[in-house]
1. Please give the length that would be gained between residue 445 and residue 365 if that part of the chain were fully extended, namely 0.36 nm times their separation in residues minus their C-alpha to C-alpha distance (nm, one decimal).
2. For the chain, give me the percentage of DSSP beta bridges that are antiparallel, rounded to the nearest 5 percent.
3. Would you compute, from DSSP H runs of 4+ residues alone, the mean residue ellipticity of the chain at 222 nm, taking -39500 (n - 2.57) per run and dividing by the full residue count, rounded to the nearest 500?
4. So between residue 778 and residue 402, what do we pick up on full extension, going 0.36 nm a residue minus the alpha carbon distance?
5. Pairing the Cα long axis of helix 640-658 with the longest principal axis of the chain, what angle in degrees results, from 0 to 90 and rounded to the nearest 10?
6. Compute the long axis of helix 536-546 from its Cα atoms, compare it with the longest principal axis of the Cα atoms of the chain, and write down the angle in degrees, 0 to 90, nearest 10.
7. Could you sort the peptides 565-576, 683-694 by per-residue average Cβ neighbour count (10 Å cutoff), highest mean leading?
8. Count the lysine pairs in the chain whose Cα atoms sit under 24 Å apart, keeping only pairs 8 or more residues apart in sequence or on different chains.
Amino acid sequence: MLCGLGFLWGLVAASLPPHSGEVDLPGLRAEVRIRFDDIGVPTIDAGSRKDAFLALGYVTAGERLFQMDLLRRKVGGRLAEVFGEPALDNDRQQRVLGLGRVAEAVLARLPETERAVLSAYAAGVNAAIDGSTVLPFEFLLAGYRPEPWTPADSLRAILGMFQLLTFTEGSERMLSVMQAALPPEVAAFLTPDTDRYTEPLLGGVRSRRPQTGIPAQALAALRRAPPRNGSAGLVRADPVPLGSNSWALAGRRTRDGRALIANDMHLPLAVPVIWYRAALRYAGHRLTGLTLPGIPVVVAGSNGEVAWGFTNINADVLDLVRLDLDPEDPNRYRTPTGWQAFSTASERITVKGGAEVVVDVKQSIWGPVLERPLLGAPVALRWTALEPEGTNLALLDMDRVTNVEDAARVMNRAGGPPQNALLADGGGRIGWTYTGRFPKRRGLDGATATDWADGSRGWEGLIPDGALPRVFDPPQGLLVTANDRMLGADYPYPIGHDYAHGYRGHRIRTRLSGLSAATEPDMLALQLDTRAGFYDFYRDVALGVLGEIDATRDWPDAGAVRRALERWDGQAGERSLGFALLLEFRRRLTSDVFAPFLGACRALDPDFSYTWHKLDVPLRKLLAARLPETLPDPVRYPDWQAFLLEVLKESAASLREGHPEVPLDRLSWGEVSRSRITHPFSARLPWLADLLDMPREPLPGCPQCVRVVYERQVLHAASERMVVSPRHEADAILHLPGGQSGHPLSPHYRDQFRDWLEGRALPLAGKPVEGVLVLKPAAG
């Protein structure tokens, strides 16, 4: 047995990539030298852009090949080929969406300079595959060999990020059902795009979805106490926080006049981590920062003169189009030019261990017809990710910009998922703009599904680059984006509807406003901020409820609950007492307060679920007013006091059940919130979990904190933390929640995890280690 284990260990170790020596690579024009630092980050010195990205493809595939293969298979709908029937649902959806086919169309229209980089990167990846004597262990366990990498596979990786950040089909379905089932004043009350902290940068102060007063009578008419367990999933307290923090400080607010960029992107965390760190030097250009395995672009970082980072806009770049079918021929649908037949293609899905599955995909003039109808009618999907002009590699040109205006022009013409772009240059200046493509809508705002058949509604192409918003050098010397609404209603184009709550951005602005001599460590400290003032309101509600009861008679546990709440320090820190109770109290309030008014929505759509980033706006209004007409269940409770007491009791009981060994008033947040960052194989191979997964440790932060931590199925938190000033990269900070390598036997598999967890600064450029990897052009 020991010999067998030793053999397996040696086999896995044999798949580790080289970090020194010489390797001949086909496609190279000249020698490339690569030095790795003490945490495995490569610095690539090449003579040309193509050689630099060929080398990047080689070293990235050496560390992350399985991650890259998994991504292209997921996007293209080809997971079932290697994982069997459990992956079939993903593959069906992806074949209907057609992102794999879109990648080929994008490739065909890219300029030659971008196609050349894609080809060079693919050549590097394939050299790593061909040069592997032993493949990474995941391929051995899954029993297959990866196909050659293609330029279109890199575009599939971009489209996968596009899908992760902008696929808002669920939100549009929810709003469409609410529009059909609820009085308009109720739907508007429940879905504002503004809260007390919202501060647009441009477009005035008016909102497209303003806060409204409580529609008490309309709510009373809707109120129906849901049956026991009948409201499961009807309300979700928090949408998945696919967002980020990013801010820029002008030179006049820093210690020595340098401009600073801070960026931490909140994404689902897994092993290996989503980013691969790299530095590239070629033809007088130098890039340092984050790359996404599979994509030949430095996504966020610095070129020595300009630094940049991103946050998600929460843009709506997707529309559901209701289709009017011909009653005499269901294979035809109405268009502005008359009836037209669907085009149909058969997608064949190979299923490991099972029979081939055929999916017939219908296409309309607006996009694919989705398998799931909406309110009984078929719908087609119009989405910028499916537009060949919606994706490109224009970010490659960030290697040559020298100031924030030049950088903004590159950002505005860059395709890919729409993002807020924060910019800083070596002259101490800062800027903000949008990157990505946005639909120019006619006759609709995109919030709900509509019929486009009469031609009065639709898209008139995309918003021109020159019409995208920009701000340079604001008077206050700072720019902050935290996924909240950045534009007022005076901006001529609707961009989105459901933006993050403004507390996080407000907290960042408040902290930054108190700084006049900021440094990189100051920025990292703010990224780690766990002040949870968002929950002050709910603590006051809970304490107010406790203040109105006879603890001995009404609830023997009231004393422990009161002590827990009174001991809360206002933070979501590892040792914060009472915070777990507040989170559970708010979660139950959102469900129990709203569910009785949403039964009509569930009746129209059995899958309906209400979730909204700013649902605390209507929730707090209802809790503050406590009108008899809006008491959620007047049959069971005589008044709001009785209702709130029961919710508090249930919250405490839930926590006791989950943590029976710790008294409520001694239960710290660190005992509840844990780092759960797992490898995709560890669930099926639990005996390998200790080797494959990151350690499970107390994890400070919360969904509304600057230090975002949120778990639903997978953990969402900072996928990186970066602080950088152009021309001062030696002082820059960057760390990841894992390591550079995807090989569990590599010393760089998890060596950044502890620094990420504890908030210790790691340099953007580490200490070089001995040895250099020399890539040479292959003979012939």
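The values are calculated or read from the model by the stated rules, or taken from the named source; none is laboratory data. Note that the coordinates shown come from a computational prediction; the quantities given were computed from them, not determined experimentally. Using ideal geometry, Cβ is built from the backbone for each residue, glycine included, and neighbour counts are taken over all protein chains shown. Protein only, heavy atoms only, side chains kept; ligands, DNA and RNA dropped before computing areas. Shrake-Rupley method; radii C 1.70, N 1.55, O 1.52, S 1.80 Å.
1. Working: separation 80, 0.36 × 80 = 28.80 nm, distance 1.99 nm.
Gain on extension, residue 445 to residue 365, equals 26.8 nm.
2. Numbers: 89 of 104 bridges.
Roughly 85 percent of the DSSP beta bridges within the chain come out antiparallel.
3. On the way: 23 runs with 248 residues, N = 780.
That comes out to -9500 deg cm²/dmol.
4. On the way: separation 376, 0.36 × 376 = 135.36 nm, distance 3.56 nm.
Computed gain between residue 778 and residue 402 is 131.8 nm.
5. With rounding to tens, the tilt is 40 degrees.
6. Roughly 40 degrees, rounded to the nearest 10.
7. Values: 565-576: 18.8, 683-694: 14.1.
Packing order, densest peptide first, comes out as 565-576, 683-694.
8. Number of lysine pairs found: 4.
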